[in-house]
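These notes concern the structure reproduced below.
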There are 2 protein chains.
Amino acid sequence: MQTPGVRALLFDVFGTVVDWRGGVIRAGEDLGRAKDLHLDWPSFADEWRGRYKPSMDRVRSGDLPWTKLDDLHRASLEDLLSEFGLTGLTEEEKDHLNKAWHRLEPWPDSVPGLLRLRERYTIAPLSNGNVSLLTAMAKRAGLPWDLILSAELPRHYKPDREAYLTSVDLLDLHPEQVMMVAAHPDDLHAASSFGLRTAYVHRPQEFGPAGEDPQPPSDLPFDVAAGDLVELAEELGA
Amino acid sequence: MQTPGVRALLFDVFGTVVDWRGGVIRAGEDLGRAKDLHLDWPSFADEWRGRYKPSMDRVRSGDLPWTKLDDLHRASLEDLLSEFGLTGLTEEEKDHLNKAWHRLEPWPDSVPGLLRLRERYTIAPLSNGNVSLLTAMAKRAGLPWDLILSAELPRHYKPDREAYLTSVDLLDLHPEQVMMVAAHPDDLHAASSFGLRTAYVHRPQEFGPAGEDPQPPSDLPFDVAAGDLVELAEELGA
């Protein structure tokens, strides 16, 4: 292990631990079958995710007061339903579709990898998803977190400093004792700038079969790089 | 079940889920054997616990800024060591003794009861213990929490309103969908006053064999009363 002293691992969730795109498409297809709707659900999923960062940036900039991710997702969903001409859904149907983000499936290696990592480290999500979303997802998918950490606790979305350092403080550790694990270099760059260790996980399927296949960046200052969470457990001696 | 609509259970921890007195005595005895110290450890445990509420009240009143329970315990420990004439402990020994509160053992019914309750409800501690204390305790003792909630998140010790209602908000529930479970009527009275449901658990051994044996109060407005957490699971249909 190249990272002595690490005690806790914080995981980005959407894309790193679970397959958001596949889960949102599946929820759309379920709704489509039930209501006889014919829609390009992969595009719907991509457009929904496309609104994710801009909606959080409105909170980060102060343009919006603190708003849970469930509520940002819901506002984006209302826009999307109009754009895709999907009218006439009940409140209950919209709420169920919005909670597709609670029902995402882990990548096949996620649960086995986390179960190994948990033996040696304290493991928690550190996601922009709200606490109730992350809790429902973990319960349904069997993600064996020791605790749930979220941008909701300091009310600052990643990559704001508070999202990382509040988590470090709640763990009662120093930044260098905590490793951020993510498939997204921007998340890792932010974590690194605040003193955390970093592990890059390569998730070429995040954006689907036709999506971009990010190559593991070899020139970036990550402490560890792994192909999946089982490989990460190997790398970290767990 | 007399409480339809309940989705989540919040548990007081010290006394309700774990045996703080037995654990602190054991930690003291371990230290005593290692250092050839002869002390009345049961009295030591009782005196340490006796400083618990007064120390939190100094934070609740604003006399002290927010201070984690680990740090309140440590300040009380320094006083106690002087009082009991225990000098010459190293920093490491004092830290280890202070973390006796991280190593408390569950009552025999706690893990089996929680495992059943977890199938039907979201379960979390809602303790004045800090997040890292509750996380370490759960990992060591196998307490199967879905998430860790703590007075540390709103930085308000129970029975302050914020301790209960921040937890309800993080769960994205209404107060009447959340049940506080505790062996202490004052905790339940506070929870009830903020709209939560309440379950009383009878823990006659909390203060040891010579301690007071509180009778289950029959005239108090608790939704449920149970002899232990397995009985609570029965009562709540889990």
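The values are calculated or read from the model by the stated rules, or taken from the named source; none is laboratory data. All figures in this text were calculated on a predicted structure; none of them were measured in a lab. With ideal geometry, Cβ positions are generated from the backbone for all residues, glycine too; neighbour counts draw on all protein chains shown.
List of remarks:
- Failed item in (1) away from chain B (no Cβ under 14 Å); (2) touching a residue at least 40 places away in the same chain (Cβ under 8 Å), with A:G129 passing the rest: (1)
- Qualifying residue in the stretch B:11-29 (condition: surrounded by fewer than 17 Cβ atoms within 10 Å (Cβ to Cβ), among the charged types (D, E, K, R) and either more than 14 Å from chain A (Cβ to nearest Cβ) or within 18 Å of the chain's Cα centre (by Cα) (or both)): yes
- Restricting the search to helices (runs of 4 or more DSSP H) fully inside the stretch B:27-145 and requiring at least 2 residues that are in the same structural domain as B:Q205 (by TED's automatic domain parsing) gives B:110-120, B:131-141.
- Residue in the stretch A:103-122 that is under 27 Å from A:A27 (Cβ atoms) and within 12 Å of chain B (Cβ to nearest Cβ) present: no
- Check on A:P42, touching a Gly at 6+ places or on another chain (Cβ under 9 Å) and not acidic (D, E): yes
- Residue match in the stretch A:186-205 (condition: free of Cβ contacts under 8 Å to residues at least 40 places away in the same chain, touching a Leu at 6+ places or on another chain (Cβ under 7 Å) and under 19 Å from A:D19 (Cα atoms)): yes
- Count of the stretch B:166-201 residues which are part of a helix (DSSP H, G or I) and more than 14 Å from chain A (Cβ to nearest Cβ): 11
- Criterion (over 14 Å from the mean Cα position of the chain (by Cα) and touching a residue at least 24 places away in the same chain (Cβ under 8 Å)) met by exactly one of A:L115, A:L134, A:L72, A:L104: A:L115
- Residue in the stretch A:143-152 that is out of contact with any helix residue (DSSP H, G or I) (no Cβ under 7 Å at 6 or more places or on another chain) and within 26 Å of B:L153 (Cβ to Cβ) present: no
- Hey, B:L153 within 11 Å of chain A (Cβ to nearest Cβ) and among the hydrophobic types (A, V, I, L, M, F, W, C) or not: yes
Let's see how each residue does on (1) at pLDDT below 95; (2) among the charged types (D, E, K, R); (3) under 18 Å from A:K35 (Cα atoms):
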position: A:G85; (1), (2), (3): yes, no, yes
position: A:E92; (1), (2), (3): no, yes, yes
position: A:D95; (1), (2), (3): no, yes, yes
position: A:H102; (1), (2), (3): no, no, no
position: A:V111; (1), (2), (3): no, no, no
position: A:L114; (1), (2), (3): no, no, no
position: A:R118; (1), (2), (3): no, yes, no
position: A:T122; (1), (2), (3): no, no, no
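- Restricting the stretch A:141-150 to residues that are within 11 Å of another protein chain (Cβ to nearest Cβ) and touching a residue at least 40 places away in the same chain (Cβ under 8 Å), the residue that is nearest to B:D146 (Cα to Cα): A:L143
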